[in-house]
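The values are calculated or read from the model by the stated rules, or taken from the named source; none is laboratory data. None of the values given here were measured: they were computed from a predicted structure. Neighbour counts are summed over all protein chains in view; Cβ atoms, including those assigned to glycine, are modelled from backbone coordinates with ideal geometry.
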Amino acid sequence: MLRQKRKASGFDQNHTFWPEALGLWRQGYSNTQVAAQAQAQGYDLNEDQVRYARNRYWTADELPARGAKWLREAVREATEVYPSALEQQQALFSENYEVFIALKQRLLSYLNGAPPADELELAQMKVLLESYARQGRLLNETNDTITVLQAKLGRLMPEAEPQVLEHIAPANVAEAEQWQG
C-alpha cells in the first residue's frame, strides 16, 4: 500500500482568516466550529486543515480551552474569584434576611391588631405584604446563588479527607447490643 505524504494545510499565520480563528480558539470554539465559521465566510477550509494548523501553532500545554496551561489558569482565577463572590452573596443574604424578618414582624403586628380602619391603612398593608413577598423571592435567589457558588468552589478545591469518627461506632454497637440482650 502506497502512503501519501500529508500536504501542508494551506491554513497558517499568513491566511486572512487566521486572526479570527485565533480569537475563536481562545473563546473555546472547537476545530469543527472554527471550520464551519470559515466556510460560512466563504473560505475553503475543512476541519482537518484547521486541526493541523492549530496543532502546529500551539504546543499541547498551551492549547486554549484544551491544554493544561489553560486549565491551571482557569482554576487559579476561579479560586481567587469565588470566595469573594461567596462572601458578597452571604452578606447580601444576611442583609436580606434581617429586612425579611423586620417586614414579617411588622406584618404580623398589623395582622394581630384591629382590621384596617381606612383605605390608607389597607394600602399600607398591601405594600408591606408585597415587599415581604419580594424580599422572600430575593432571599431565595440569593440563597440559590450561594449554593451554586459553594458547589463550584467545592469542585475546584482539592478533595477533603473524609472525617471518620471511629470511636463513636464501637460505643453505639456496644450500646445497641446492651439493649438487645
Anything in the range 39-55 that is outside any loop (DSSP other than H, G, I, E, B) and either touching a residue at least 12 places away in the same chain (Cβ under 8 Å) or of a type in the set (Phe, Trp, Tyr) (or both)? List them, or say none.
GLU47, ASP48, GLN49, VAL50, ARG51, TYR52, ALA53, ARG54
If you go through the range 79-87 one residue at a time, do you hit one that is without any contact (Cβ under 8 Å) to a residue 40 or more places away in the chain and part of a loop (DSSP other than H, G, I, E, B)?
no
Kindly establish whether VAL75 is under 30 Å from LEU24 (Cα atoms) and at pLDDT below 85.
yes
